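The values are calculated or read from the model by the stated rules, or taken from the named source; none is laboratory data. All values derive from a computational prediction rather than experimental measurement. Don't worry about glycine lacking a Cβ; one is built from the backbone with ideal geometry, like all the others, and counts go over all protein chains shown. In case anyone asks, the SASA skips ligands and DNA or RNA and just uses the protein heavy atoms, side chains included. Shrake-Rupley method; radii C 1.70, N 1.55, O 1.52, S 1.80 Å.
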Amino acid sequence: MNSLKLDENQLIENFEAKLAKNEMIEPKDWMPAQYRKHLIRQISQHAHSEIIGMQPEGNWITRAPSMRRKMVLLAKVQDEAGHGLYLYSAAESMGISREEMLEQLHTGEAKYSSIFNYPTLTWADMGAIGWLVDGAAIMNQVMLQRTSYGPYARAMVRICKEESFHQRQGYEIMNVLASGSPEQKEMAQDALNRWWWPSLMMFGPRDEESPNSAQAIKWKIKRETNDQLRQRFVNQTVSQVEKIGLVVPDKAIKWNEAKKGYDFGEINWDEFWTVVKGNGPCNKLRIANKIKSHDEGAWVREAANAHAEKNNKTKAA
Amino acid sequence: MNSQASLFQYILKIADNQLILGHRLSEQCSKGPFLEEDIACSNIALDLIGAANSLYIYAAAIEGENKTEDDLVFLRSERAFKNVLLVEQPNTDFAYIMCRQFLFDTYDYFFQQALQKSNDQTLAAIAAKTIKESTYHLRHSGNWIIRLGDGTPESNLRLKNAFTNLWCYVDELFEQDAAELDLVAQGIAVDTQSIKTQFTSHIAEIMQTAGMEIPSGIFMQSGGKKGVHTEHLGFLLAEMQSVHRSFPGVKW
């Protein structure tokens, strides 16, 4: 008993020494059960966010107003499916199967980014999502390129390259609309009004109310806090809004010379928790759609498996 | 019809097939039976829409009325679309999607191969690019026909239903009117009769491997190439063109 205990202590010491030297933790390395649990939760949530995130944008592929926009949007949603794929693989390297993760998504046990529980109502929402939602995601993901778990960090490097392209094309959509006809400009401002606050919510609760944050920073899973990332996003985005002649829907926005950043208004945390708890405008729809396509695909997956098994038997014989 | 006008119509027929099938497939994005297949179908949809785009740019230039590819896609009405009936058929289930894909991919593979030899340099160049994608599409849907045919009793039955109900659109793929035959004579258009044997033998080979029988005694439908469509196309266009038509004359 004693020696086992000592071994465990030694293992923790080695693990922490690796983190202290900024070395990556790899799938075959020993890791504390809580570290594994934390990462499985985080990576699978991240993967689910990519997959559920296909729906609000997929909603506009068939209505994109030009050939170029149609192709770019379809490619973007396809990229998101690809990101989901890398991330599911990264999570699988920690000992959970894709089926288990999907099951957790379908039953509501696993969460995904709440931003995707808002509806996409006009074409301008494709601009706002690319610009703001992907922009906020990049803040987080750039940090995660240096996260302590190797497969997750490497997935992030690939993902970040594509995300910054997504953000640029989203901003370009908004720019074209904002400098277009009065109706187009109104559409752009309306989309900004609806997506601004939910985008700020993407960084999660305030630091003092984020129970998992301290541990995640200690393990170098996260390198910056929710509030730090949110502040950086606001600082970057306000000037982008002004540049295309739109207005940030927050009267409290004001440059603060002392902190070299913008002060901004209070987020509606009641709304944040309402959506997190499953009562946002689209929570039920997103999951129902996901379950529907999964169930409708069951016979296809069964057929593919049955065919592969028959083939294997023929080869073996 | 003068020869520029018939060339314009010919390019539209090819482009409309690619666009409408790509659009149908893009409706499935995020709804695939599993993630890898979702990605594959979006990829094929993108290939098809991309090929259509190159063709519309060329068609607009040939028409010479200062129109853009977007004018041709978003401002033509149902009767002006010249795609075959097959490609506008709805995504009833995955067996229909793959059966529709398989019939078109097989036709398109041999069609693009032949079009590479067109006397029209632009069409030949677009076909040379498209054939690389068509080769992958053909393998992708052919493999699914084998999997679904051989897989389970349910998948076999669903695939059989799909073939039975989509087979009536096969002959239209090879129809050619007088104007098109004129382009064949000039070495511009593909003589579809010349690729029919290859089409039939590839279909027969894959279907045999899949344990499927070729449907017989089916009455053949046509009309798409003359702009007389099934009722499905109107809804597809209404959706596709809704934003563009709601804000006339603006940039996107």
Residue within the stretch A:298-313 that is farther than 18 Å from B:E36 by Cα and more than 10 Å from chain B (Cβ to nearest Cβ) present: yes
Odd one out for A:W299 among (1) under 26 Å from the mean Cα position of the chain (by Cα); (2) assigned to a helix (DSSP H, G or I): (1)
Number of the exception - A:R194 against (1) away from every other protein chain (no Cβ under 14 Å); (2) out of contact with any His (no Cβ under 9 Å at 6 or more places or on another chain); (3) open to solvent by less than 60 Å² (accessible area, probe 1.4 Å): (3)
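Filtering the stretch B:19-33 down to residues that are touching a residue at least 60 places away in the same chain (Cβ under 8 Å) and within 12 Å of chain A (Cβ to nearest Cβ), which residue is farthest from the chain's Cα centre (by Cα)? Write out each step before concluding.
The initial filter retains those residues of the stretch B:19-33 that are touching a residue at least 60 places away in the same chain (Cβ under 8 Å), namely B:19-21, B:23-25, B:27-28, B:33.
Adding the requirement that they be within 12 Å of chain A (Cβ to nearest Cβ) leaves B:19-20, B:23-25, B:27-28, B:33.
On the way: B:L19: 7, B:I20: 7, B:H23: 10, B:R24: 10, B:L25: 11, B:E27: 15, B:Q28: 16, B:P33: 22 Å.
Going through the qualifying residues, I end up with B:P33.
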Filter result for B:A60 (in contact with a Lys or Arg (Cβ under 8 Å, 6 or more places away or on another chain), more than 21 Å from B:H232 (Cα to Cα) and surrounded by 23 or more Cβ atoms within 10 Å (Cβ to Cβ)): no
Residues of the stretch B:106-120 classified as surrounded by fewer than 23 Cβ atoms within 10 Å (Cβ to Cβ), in a helix (DSSP H, G or I) and among the acidic types (D, E), total: 0
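Among the listed residues A:N311, A:N305, A:N289, which satisfies the condition of being in a helix (DSSP H, G or I), of a type in the set (S, T, N, Q), within 30 Å of B:C99 (Cβ to Cβ) and touching a residue at least 12 places away in the same chain (Cβ under 8 Å)? Before the answer, list the steps.
Working: A:N311 fails: touching a residue at least 12 places away in the same chain (Cβ under 8 Å); A:N305 fails: touching a residue at least 12 places away in the same chain (Cβ under 8 Å).
Selected residue: A:N289, the only one of A:N311, A:N305, A:N289 that is in a helix (DSSP H, G or I), of a type in the set (S, T, N, Q), within 30 Å of B:C99 (Cβ to Cβ) and touching a residue at least 12 places away in the same chain (Cβ under 8 Å).
Scan the stretch A:103-124 and tell me whether some residue there is of a type outside the set (F, W, Y), within 30 Å of B:L55 (Cα to Cα) and open to solvent by less than 10 Å² (accessible area, probe 1.4 Å). Outline the logic, then answer.
Step one: list which residues in the stretch A:103-124 are of a type outside the set (F, W, Y), which gives A:103-111, A:113-115, A:117, A:119-122, A:124.
This time we only want the ones that are within 30 Å of B:L55 (Cα to Cα), so: A:122, A:124.
Now drop any that are not open to solvent by less than 10 Å² (accessible area, probe 1.4 Å), which leaves A:124.
For the stretch A:103-124, residues of a type outside the set (F, W, Y), within 30 Å of B:L55 (Cα to Cα) and open to solvent by less than 10 Å² (accessible area, probe 1.4 Å): present.
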Filter result for the condition that a residue is in contact with a Leu (Cβ under 9 Å, 6 or more places away or on another chain) and within 13 Å of another protein chain (Cβ to nearest Cβ), over B:L115, B:L72: B:L72
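Considering only residues of the stretch A:254-267 that are within 26 Å of the chain's Cα centre (by Cα) and open to solvent by 40 Å² or more (accessible area, probe 1.4 Å), which is farthest from A:M201 (Cα to Cα)?
First, pick out the residues of the stretch A:254-267 that are within 26 Å of the chain's Cα centre (by Cα): A:261-267.
Then drop every residue that is not open to solvent by 40 Å² or more (accessible area, probe 1.4 Å), which leaves A:263-264, A:266.
Values: A:D263: 16, A:F264: 13, A:E266: 11 Å.
Per the criteria, the residue is A:D263.
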Matching residues in the stretch B:34-48 - criterion: being surrounded by 22 or more Cβ atoms within 10 Å (Cβ to Cβ) and at the interface with another protein chain (Cβ under 7 Å from one of its Cβ atoms): B:D38, B:S42, B:A45
Hits in the stretch B:210-252 - residues which are facing chain A (nearest Cβ under 10 Å) and acidic (D, E): B:E239
Cβ pairs under 9 Å, 6+ apart, first in the stretch A:158-171 and more than 19 Å from A:T120 (Cβ to Cβ), second in a helix (DSSP H, G or I) and among the hydroxyl-bearing types (S, T, Y): A:R158/A:Y86; A:I159/A:Y86
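Is it the case, given these coordinates, that B:A179 is more than 30 Å from B:F74 (Cβ to Cβ), touching a residue at least 60 places away in the same chain (Cβ under 8 Å) and either more than 14 Å from every other protein chain (Cβ to nearest Cβ) or open to solvent by less than 80 Å² (accessible area, probe 1.4 Å) (or both)? Outline the logic, then answer.
On the way: more than 30 Å from B:F74 (Cβ to Cβ): no; touching a residue at least 60 places away in the same chain (Cβ under 8 Å): yes; either more than 14 Å from every other protein chain (Cβ to nearest Cβ) or open to solvent by less than 80 Å² (accessible area, probe 1.4 Å) (or both): yes.
No.
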Tally, over the stretch A:291-308, of residues that are open to solvent by 30 Å² or more (accessible area, probe 1.4 Å), within 16 Å of B:K31 (Cα to Cα) and not hydrophobic (A, V, I, L, M, F, W, C): 5
Some residue of the stretch B:191-206 being open to solvent by less than 70 Å² (accessible area, probe 1.4 Å), within 14 Å of chain A (Cβ to nearest Cβ) and of a type in the set (D, E): no
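Would you check if there is a residue in the stretch B:4-11 being facing chain A (nearest Cβ under 9 Å), within 17 Å of the chain's Cα centre (by Cα) and open to solvent by 30 Å² or more (accessible area, probe 1.4 Å)?
Restricting attention to the stretch B:4-11, the residues satisfying the condition of being facing chain A (nearest Cβ under 9 Å) are none.
No, the stretch B:4-11 contains no residue that is facing chain A (nearest Cβ under 9 Å), within 17 Å of the chain's Cα centre (by Cα) and open to solvent by 30 Å² or more (accessible area, probe 1.4 Å).
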Members of the stretch A:277-286 found to be part of a helix (DSSP H, G or I), more than 13 Å from chain B (Cβ to nearest Cβ) and open to solvent by less than 40 Å² (accessible area, probe 1.4 Å), listed by number: A:G278, A:N283
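Go through the stretch A:176-274 and tell me which helices (runs of 4 or more DSSP H), entirely inside it, have 2 or more residues that are within 30 Å of A:K21 (Cα to Cα) and at pLDDT 95 or above. Spell out the reasoning first.
Details: elements: A:182-201, A:213-218, A:226-243, A:269-274.
Qualifying helices (runs of 4 or more DSSP H): A:226-243.
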